[in-house]
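Undergrad: Let me give you the structure first, and then I'll get to my questions.
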């Protein structure tokens, strides 16, 4: 999949791909099946992303990708070249290891379709389905009845309906059968491929695969009548007029039939109603599957989470708990691979995960790190949630460590910084808050490495972060604090969606401890308490609400809005609640704080990519991290427009 990234430059990747292809060709499991597999192929010293289609130890066609994914998370043009010769086929000379299996010296390479004894098949590749000039359009007009698409489409909240709609639309206008396969699992990076295989005929779904599953492989089948395709197309006159003028594709003849002469009595599949997950279900399942994939492949013994008793860390804990549910369910359904992984992780060859709380105790450690600025309420909320999900819970106090670090500064400089409420400057107060936050990160890693050792158990723990996408966008986090971790399952999820997810967990997991967490205002608890109560809140510190942040994020990334464009959009969007001058002030404040904190994105913990306005600096949101935070030209344009209004 795309996860190979710059390994595509290596000749080893090409060699090993052909070695795997050799095994597939020789495998009895592939006999009498037209197989469509993806791999990089070097043709005349140019690398192409290809489908290799074979049958009974013979390669029928190598079909290079025409439209490459080169936006958002994808950089296919960095490694591959699109095939630009429409309806053109060349000879490809096979490497020796493949020639020995197939007995072929050369095979067709290019933009062609397969003609079997009873139908015609065409391959589409991932991004090509999403392109405005998708190949299935012309292929369908040229008589192709079955389209295959082996895809690498990652999960994003609320995306599945778009994917399903595209597939059904492809067969609604032109008739035909569309078979979509999609990768499953973590790509070794920030993306999770969510399966969701499907088969569509004449605009309707006839088979639906699972969207989130711990099964490495899922087989989706359907029995369909090709005559239904032909009848459907017969009455679409506009389609038939276009088909009579289409430029034909080269056809590779295949001495094979997909149907049998005595299949008249075989029942065919009927359309099914697609069942979409709610966003809350997607949060519960997608990041949970990603965490399990990451855990089993990293060969660690579990996770450690600094649990503050707030919404973000509690939502992260709930996702781990959901992961434990998914593991127990998979084992109950007979998944031997998941059982083997679970046994290896807990270091017990006889273990069977049956109770999610019991399994959670084995693989999940939560840690509440109190300071003199922490309230008893958050301590109690963290402890109660840990009890309800079953995690191994630790409570500790960081005051001694904080005082030791600040004491070193005082000894060296002769100065003792103070919080604002005690007469200190904003610089002093912020530095004292950051020390607490960074001490928590150091302790999180110490306990992740040695907690199991102290308990007489083998292995180490992966540290989980819990900064949401809105806080990252605003930069409302301390660089190298508990937002710095190994991975972060909620780093691509908005505060609004996390609140809805918490409500979902209350109702579906019966986690009553979450009720008080939901009702409490979000707070960092880094400033001194006032009369024993928290006086610091996130939204007051940020100077904006989480709801506003989500809007800023979507306008900045999805709508591609700079300061001036964002102002122009918001004066209409918020005309009932804000004057143009107030909108201008809000937009300026967002861009000042966003740009001043952009440098923090360079060290952002790798996060599950769930939202299209993620500020991930690694491969998704490529922008500078050193800005002129005054935005002088842009802000003058805004001021001029405010005066005109």
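Undergrad: Which one of these is farther than 24 Å from residue 484 by Cβ, in a helix (DSSP H, G or I) and in contact (Cβ under 8 Å) with a residue 40 or more places away in the chain: 384, 339?
TA: On the way: 339 fails: in contact (Cβ under 8 Å) with a residue 40 or more places away in the chain.
The match here is 384.
Undergrad: Kindly indicate whether any position in segment 578-601 is touching a helix residue (DSSP H, G or I) at 6+ places or on another chain (Cβ under 7 Å), farther than 16 Å from residue 477 by Cβ and modelled with pLDDT under 90.
TA: There is no residue in segment 578-601 that is touching a helix residue (DSSP H, G or I) at 6+ places or on another chain (Cβ under 7 Å), farther than 16 Å from residue 477 by Cβ and modelled with pLDDT under 90.
Undergrad: Could you list, in sequence order, all residues of segment 98-122 that are without any contact (Cβ under 8 Å) to a residue 12 or more places away in the chain and closer than 16 Å to residue 253 by Cβ?
TA: none
Undergrad: Quick one: count up the residues across segment 445-472 that are under 22 Å from residue 347 (Cβ atoms) and touching a helix residue (DSSP H, G or I) at 6+ places or on another chain (Cβ under 8 Å).
TA: 7
Undergrad: Moving on. Anything in segment 123-133 that is in contact with a strand residue (DSSP E or B) (Cβ under 9 Å, 6 or more places away or on another chain), surrounded by fewer than 23 Cβ atoms within 10 Å (Cβ to Cβ) and without any contact (Cβ under 8 Å) to a residue 60 or more places away in the chain? List them, or say none.
TA: Hit for segment 123-133 is 129, nothing else.
Undergrad: Could you list, in sequence order, the residues of segment 457-504 that are part of a loop (DSSP other than H, G, I, E, B) and farther than 18 Å from residue 618 by Cβ?
TA: 457, 458, 459, 460, 461, 466, 476, 478, 481, 482, 494
Undergrad: Among the residues of segment 69-83, write down those that are assigned to a loop (DSSP other than H, G, I, E, B), surrounded by 13 or more Cβ atoms within 10 Å (Cβ to Cβ) and either at pLDDT below 95 or touching a strand residue (DSSP E or B) at 6+ places or on another chain (Cβ under 7 Å) (or both).
TA: If the condition is that a residue be assigned to a loop (DSSP other than H, G, I, E, B), surrounded by 13 or more Cβ atoms within 10 Å (Cβ to Cβ) and either at pLDDT below 95 or touching a strand residue (DSSP E or B) at 6+ places or on another chain (Cβ under 7 Å) (or both), then 69, 70, 72, 73, 74, 75, 80, 81, 83 are the ones that fit.
Undergrad: For segment 564-598, which positions are more than 18 Å from residue 546 (Cβ to Cβ) and touching a residue at least 60 places away in the same chain (Cβ under 8 Å)?
TA: Selection gives 564, 567, 568, 571, 580, 581, 596, 598.
Undergrad: Any residue that is in contact with a strand residue (DSSP E or B) (Cβ under 7 Å, 6 or more places away or on another chain), under 30 Å from residue 247 (Cβ atoms) and crowded, with 19+ Cβ neighbours inside 10 Å - is there at least one of those in segment 95-107?
TA: Yes; the residues of segment 95-107 include at least one that is in contact with a strand residue (DSSP E or B) (Cβ under 7 Å, 6 or more places away or on another chain), under 30 Å from residue 247 (Cβ atoms) and crowded, with 19+ Cβ neighbours inside 10 Å.
Undergrad: Identify, by number, the condition in (1) within 24 Å of residue 499 (Cβ to Cβ); (2) out of contact with any helix residue (DSSP H, G or I) (no Cβ under 8 Å at 6 or more places or on another chain) that residue 366 doesn't meet.
TA: (2)
Undergrad: Go through (1) under 25 Å from residue 494 (Cα atoms); (2) modelled with pLDDT of 85 or more; (3) touching a helix residue (DSSP H, G or I) at 6+ places or on another chain (Cβ under 7 Å) and name the single condition residue 609 misses.
TA: In the conditions (1) under 25 Å from residue 494 (Cα atoms); (2) modelled with pLDDT of 85 or more; (3) touching a helix residue (DSSP H, G or I) at 6+ places or on another chain (Cβ under 7 Å), residue 609 misses (3) alone.
Undergrad: Hey, can you tell me all the residues within segment 42-61 that are more than 16 Å from residue 151 (Cα to Cα) and either free of Cβ contacts under 8 Å to residues at least 60 places away in the same chain or not in a strand (DSSP E or B) (or both)? It would help to see each step written out before you state the result.
TA: Our first condition is that a residue be more than 16 Å from residue 151 (Cα to Cα); within segment 42-61, this holds for 42-47, 54-61.
Hits for segment 42-61 are 42, 44, 45, 46, 47, 54, 56, 57, 58, 59.
Undergrad: Here is a further query. Return yes or no: is residue 86 surrounded by 19 or more Cβ atoms within 10 Å (Cβ to Cβ) and touching a residue at least 12 places away in the same chain (Cβ under 8 Å)?
TA: Taking the combined requirement at face value, the residue does not satisfy it.
Undergrad: Could you please find all residues in segment 352-375 being free of Cβ contacts under 8 Å to residues at least 40 places away in the same chain and farther than 15 Å from residue 440 by Cα?
TA: 352, 353, 354, 355, 356, 357, 358, 359, 361
Undergrad: May I pose another question? Tally up the residues in segment 186-202 that are crowded, with 17+ Cβ neighbours inside 10 Å, within 28 Å of the chain's Cα centre (by Cα) and in a loop (DSSP other than H, G, I, E, B), please.
TA: 6
Undergrad: Still on this structure: Out of 181, 222, report the one residue that is assigned to a strand (DSSP E or B) and out of contact with any helix residue (DSSP H, G or I) (no Cβ under 6 Å at 6 or more places or on another chain).
TA: After ruling out the rest, the residue left standing is 181.
Undergrad: Which pairs do you get when a residue that is in contact (Cβ under 8 Å) with a residue 24 or more places away in the chain, found in segment 493-507, comes within reach of a residue that is part of a helix (DSSP H, G or I) and exposed (fewer than 15 other Cβ atoms within 10 Å of the Cβ), reach meaning Cβ atoms under 7 angstrom, with the pair 6+ apart or on two chains?
TA: Matching pairs, first to second residue: 496/547; 499/518; 502/518; 503/518.
The values are calculated or read from the model by the stated rules, or taken from the named source; none is laboratory data. Bear in mind that the values here come from a model prediction, so they are computed numbers and not experimental data. Note that each Cβ is placed from the backbone with ideal geometry, even for glycine, and that neighbours are counted across all protein chains shown.
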